[in-house]
Amino acid sequence: MLESTIFYGLIIAGFLLAAATFVSLFFIVAPYGRHTRGGWGPTIPSRLGWIVMETPAPLVFALCFALGRQPAAATAWAFLAMWQAHYLHRAFIYPWQRRGGQRRMPLAVVAMGMAFNAGNAYVNGRYLFTFSGGYPQEWLLDVRFLIGLVLFGGGFALNRWADHTLRNLRRPGEEGYRIPHGGMYRWVSCPNYLGEVLEWTGWAVATWSLPGLAFAVWTAANLLPRAWAHHRWYRQTFPDYPPERRAVIPGLW
């Protein structure tokens, strides 16, 4: 009974956090990356910050898988593979691929990220591998899983390609920013964020679950305002920035 209360409380908190995050991030831009600024307390190297912040997601999710009450059917392995494909890269590969000198990240941002990732991995993993009662193998051919998998895979590929494009704008050790071009950068300033929103929307559809929906909503609430902040920054920084680009949704916003 106690775990059930905590579980559903975290889901409700996730939706409430998404609403508060969406509104607040239009007024307060999270202070990391190009928006780094003082006044947020102690800082740590950004590479270490990313590793520490993202590591709870793959570890907690894997623990939920290992301790799950349902047999490790093909569907469970499929969900584990999808989740870990994103987070093992984000926690242990992406931080070492980043370029731009020795930037720092506020410890407060790292702590908030850790807390969210741990709670989010718990509610998604615990639901999929215990509380859901298990997904039958036939789920792998269900139209919801197939549509979700396509969205997840497409978003994953777009996110990786966009990050690769940004990384190659700098030589090793070089700092500063340039205007990215090509592919989806022709239409939007932040295809990396668009890709991640598509990923977790696909996850919500593939799992057809309330925790998955909460995560997709929070992802959009977190990344859409940040994409707008990036877009505004590009326009203020580069007088020749392509006027036809939108922030994150081609032709719309």
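Across region 18-31, what is the total count of residues that are part of a loop (DSSP other than H, G, I, E, B) and under 15 Å from the mean Cα position of the chain (by Cα)?
Result for region 18-31: 1.
Examine region 136-143 for a residue that is modelled with pLDDT of 95 or more, over 14 Å from THR75 (Cβ atoms) and in a helix (DSSP H, G or I), and state whether such a residue exists.
yes
Among the listed residues GLN102, GLN70, identify the single one that is over 27 Å from GLY176 (Cα atoms) and not hydroxyl-bearing (Ser, Thr, Tyr).
Only one candidate passes the filter, namely GLN70.
Cβ contacts < 7 Å: first residue modelled with pLDDT of 95 or more, restricted to region 233-252; second residue among the hydrophobic types (A, V, I, L, M, F, W, C) and exposed (fewer than 12 other Cβ atoms within 10 Å of the Cβ), any location; separation 6+ or different chain. Result?
ARG246/LEU252
Output the number of residues of region 102-115 satisfying the condition of being surrounded by fewer than 19 Cβ atoms within 10 Å (Cβ to Cβ) and in contact (Cβ under 8 Å) with a residue 60 or more places away in the chain.
5
Considering only residues of region 165-216 that are surrounded by 15 or more Cβ atoms within 10 Å (Cβ to Cβ) and without any contact (Cβ under 8 Å) to a residue 12 or more places away in the chain, which is nearest to GLN236 (Cα to Cα)?
Ranking the qualifying residues of region 165-216, first place goes to LEU169.
For region 61-79, check the following and say yes or no: at least one residue is over 21 Å from ASN159 (Cβ atoms), within 19 Å of the chain's Cα centre (by Cα) and of a type in the set (A, V, I, L, M, F, W, C).
yes
In the list GLU138, GLU54, which residue meets the criterion of being free of Cβ contacts under 8 Å to residues at least 24 places away in the same chain and either acidic (Asp, Glu) or in contact with a Ser or Thr (Cβ under 7 Å, 6 or more places away or on another chain) (or both)?
GLU138
The values are calculated or read from the model by the stated rules, or taken from the named source; none is laboratory data. These numbers come from a predicted model, not from an experiment. Note that we place each Cβ from the backbone using ideal geometry, even for glycine, and neighbour counts take in every protein chain shown.
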